[in-house]
Amino acid sequence: MSCPETGLKGFPIKIGFPIPSTLNPSIAEDLILDIQWGIKSVAPRFSGSQLEEGDANNTGSQTSLRIQGTQYYLRSVQLCQPLHTSFLEPSIKDSCRAELVFVFSSSGAYATLCVPLLAGSTTEPSKYLEALRQDMLPGKPISLNTLLPNDLHYIHYTTCLTQIQSQQTVARNLRVLVFTAGLIYPDASITEIKRKIGSFPSIVLPDTLQPGTPKNIGSDTDYKGFFRYGLYTPSKSNSGDSRIRIDSTDAYKCVPLLPDQNVKDGQIKVDTENGELLSQVLKENDDQAASASGPTPADVEKLIAIFFGISLGIFILIILAYVISLYTGTSTEKHPWLFLEMKIKETTPTYFIAMLVGIIGFVIGLLVQYIFPPKK
C-alpha cells in the first residue's frame, strides 16, 4: 500500500516561497497537545550521531507526547542538519545551524517535534545544551524541555511516508510540529558541540521509515490547505515526580461512547478527531449552572431531608413526653399528667395528618418552582 496521490508525501516538506507575516495567523488552529518530560540525572551525551535519550527499542520512555488524544513515546533526540529553514522568517533563516528533532512513536503511528537551532546571543542558553557541551550537569537534574524555545508557536502538518514490513511497502502517517521561532544558542557553542560528532548528520527515521521525495509547497493556497499554526501551552510543573500528571483540560476531548458501536472484541475504538474539548464542556456546564433558576434536584432532596428531620425530631419529643407521663406517680393515685396524656391522644392523629399534608404541599411547591422557574 503506497501513499495517496493527494496530500503531503515525504519528509521534510519544503516551502518554495517567502512566508508573509499575515499567512500563519490566517491558519491558526491549536492542536490538543501535551508533553510530559522525563528528568535527566546524568550528563547528556551522544551515542553515535544521536543523543542518548528516549528508548530506541520502543519499550517505554518517561517522555511522552499526546496529540489529539493519541499518546506517543520518545524514541530518540537528534541534532541533525537543518530540515525546516524554509518555514522560518527571512530575518532568522540564515542563522539556522542545525535542527533538534524529537522522534516519537505509538503502535505504528509516528510524530516529530522539530526545533531549528539558531546562532545568536542569549542570556539564558539551554541548560540541556550547556550540559551536553560541558559534559556535566548544572548541579541538579535537567529536563528535555530546556530544548524548546521561549516562543512556542508552531506549524503543524501530517505527511505520508512508506515503511518496509515483511518485505512489503506500507503507508505510515507522520505528524510534524515545527517550532518556527527556533532555539537561540551561541554560535561558538554550537561549533563546539558539532566537533563532538564531526558534523551534523542527516535525520534518521525509526523502523525502516523512508523519507521519500518531499513535496514542495509553492502557493498560499496549498500552504493554507496543508498547514496549521498553533501555540503550545505547557502543563503546570509536576515537581519532577513522573508518577503524577498535571494536564491542561485542553489536552483532552469528550467523545460519545456507545457500547454497541465503540466496544468490540474487548477493545474500545474512539474517533479522537471528533468530540469537544474538555475545557469547553466544563465551561458550558459552569455557564448552565450560573444561569439556572430555581432549585436543582439536589436542592429539593436536601430540603426534603431537612423537613423530615425536623418532623421526626418533634415526633420523638412527643413520644418521650408521653412515656414519662406513663411512669410518673403511683398506681393508687390519680395520674399527675392526665391532662398531658389526654392532649397527646387527641393531637397525635391531627399532628400526623398535618405533617402529611405539609410534606405533600412542600414537595408540590418545590416541583412547580423547578419545572416553571421564575423569569429573571
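Computed from the coordinates by the stated procedures, all read-outs in this text should not be read as laboratory data. Owing to the predicted nature of the structure, the values given are computational and were not obtained by experimental measurement. FYI the Cβ positions are ideal-geometry reconstructions off the backbone, even for glycines, and counts take in every protein chain you see.
Worth pointing out:
- Dipole of the stretch 40-194, positive end: most advanced residue of SER95, LEU83, ALA171 [Cβ charges, Cα centre]: ALA171
- Rounded to the nearest 20 debye, the dipole magnitude of the stretch 83-140 is 120 debye, with +1 charges on Lys and Arg beta carbons, -1 on Asp and Glu beta carbons, and the Cα centre as origin.
- At R0 = 25 Å, FRET efficiency that the Cβ-Cβ distance of ASP30 and LEU282 yields, to 0.05: 0.90
- Rounded to the nearest 20 debye, the dipole magnitude of the stretch 252-291 is 120 debye, with +1 charges on Lys and Arg beta carbons, -1 on Asp and Glu beta carbons, and the Cα centre as origin.
- 5 angstrom amide H check on LYS40, placed H, neighbours 5+ away: ILE142, SER143, LEU144
- Label zone at ALA171 (point 7 Å along Cα-to-Cβ), backbone N below 20 Å, the stretch 1-25: 1-14
- Applying a threshold of 27 Å to the alpha-carbon distances of LYS215/LYS264; LYS14/LYS194; LYS194/LYS215; LYS127/LYS194; LYS9/LYS264 flags LYS215/LYS264; LYS194/LYS215; LYS9/LYS264 as lying beyond it.
- Put in order of Cβ neighbour count within 10 Å, fewest first, the listed residues CYS254, CYS80 become CYS254, CYS80.
- For TYR72, nonlocal amide neighbours, meaning residues 5 or more places apart or on other chains whose placed amide H falls under 5 Å from its own, are LEU65, ARG66, ILE67.
- FRET efficiency, SER121 to ILE316 (Cβ-Cβ, R0 56 Å, nearest 0.05): 0.10
- The stretch 39-131: trypsin sites (Lys or Arg not before Pro) falling in loop per DSSP and having at most 16 other Cβ within 10 Å: ARG45
- Overall, the anisotropy analysis places the stretch 14-250 in the rounded class: the square-rooted eigenvalues a ≥ b ≥ c of its C-alpha gyration tensor yield a/c less than 1.5.
- Placing +1 on each Lys and Arg Cβ and -1 on each Asp and Glu Cβ, with no other charges, gives the stretch 14-250 a dipole about its Cα centre of roughly 380 debye.
- 13 Å cut-off, amide nitrogen to a point 7 angstrom out along ILE164 Cα→Cβ, residues in the stretch 202-218: 207-211
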